[in-house]
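Just so it is clear, none of the values below were taken in a lab; they were calculated from the coordinates. What you see is a predicted model, and the numbers here were worked out from it, not measured in a lab. Counting neighbours? That spans all protein chains shown, and the Cβs are built from the backbone with ideal geometry, glycine included.
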Amino acid sequence: MTQNSAPTNCIRPDELMSELGIKKDAYYKDLNYLDITPEKDSEGKAYLTNEQADEIRALRNHVSQTGKRNGFSNNSIVKVDDSNEMVSNNIESQNDIYVNAEEPTAKVESNIVREAEELAARGMAMNDLIKIQLASQMSFDDLSPDLQEKVNIAHEVANPKFRPADIATQLLNQHRSQKAQAEV
C-alpha cells in the first residue's frame, strides 16, 4: 500500500505539520497536551482522525493567539458536518452565553480584561522592544552620517585633547589682560 493506506477522513501527521507550519517537536507536544494517540493503518503508519486534527488545529490557533498551550479548552472547537451545519460538541446549548437568558457576561472569564490589558501593553511596548534590539545590534558604521558626527562630538567632549602649549598661551593671555585692566 501507499501513503494513502489510512482510512478515509484521516490525515497523516506530516500533512498536518505542513499545513500548520510546525515541526515534529511542537506536533508531539500538542499530541501529549491533548492526550491524543494517533491511530495506525495496516502498514503501521500513523494517522489522525479529522476530529483529532481539528483539536490540534484549534490548539495551534490558541497558541498563536496566546503564546501558550495553557488555558486551551477543546470545548471551544466548533464542528461542522458535511452540510456545513454546526454540530454539537458536547456543550449544552443552555451553556451558550448567546442563547441563555442570563447576563451575557456572566460566563466570560473574570481575567479576560486583565489578559486584554496585557495584550495591549505588549503591543504598545513592542515597537520600543524592537528598537532596543535594533540599537543593541548596531555598530558605528550602521549610523547615518549626521548621527556619526554627533557621536564623534560626544567622544571629543568626553575625551578632550589638551595641548600644554595652547593652555599656557591661553593662561598667559588671561594674565596679561587682567594685568592691563589693573593698571588702568
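A few comments on the model shown:
- Entries in 23/45; 29/131; 23/68; 23/131 that, when Cα-Cα distance is taken, lie over 26 Å: 29/131; 23/131
- Near residue 64: Cβ cut-off under 13 Å, other residues only, Lys/Arg at +1 and Asp/Glu at -1. The net charge is +3.
- Cα→Cβ-extended label distance, 7 Å offset, between residue 114 and residue 167, nm: 6.2 nm
- Computed FRET value (nearest 0.05) for residue 158 with residue 137, which takes r as the C-beta separation and R₀ as 25 Å: 0.60
- A straight line joining the Cα centroids of the range 1-64 and the range 115-129 runs 33 Å.
- Distance in nm between pseudo-label sites at residue 37 and residue 126 (7 Å out along the Cβ direction from Cα): 4.1 nm
- A dipole drawn for the range 112-176 from +1 and -1 charges on Cβ atoms has a positive end, and of 175, 119, 152 the residue lying farthest that way is 175.
- Spacing of the two label points (7 Å from each Cα toward its C-beta) at residue 180 and residue 148, in nm: 4.3 nm
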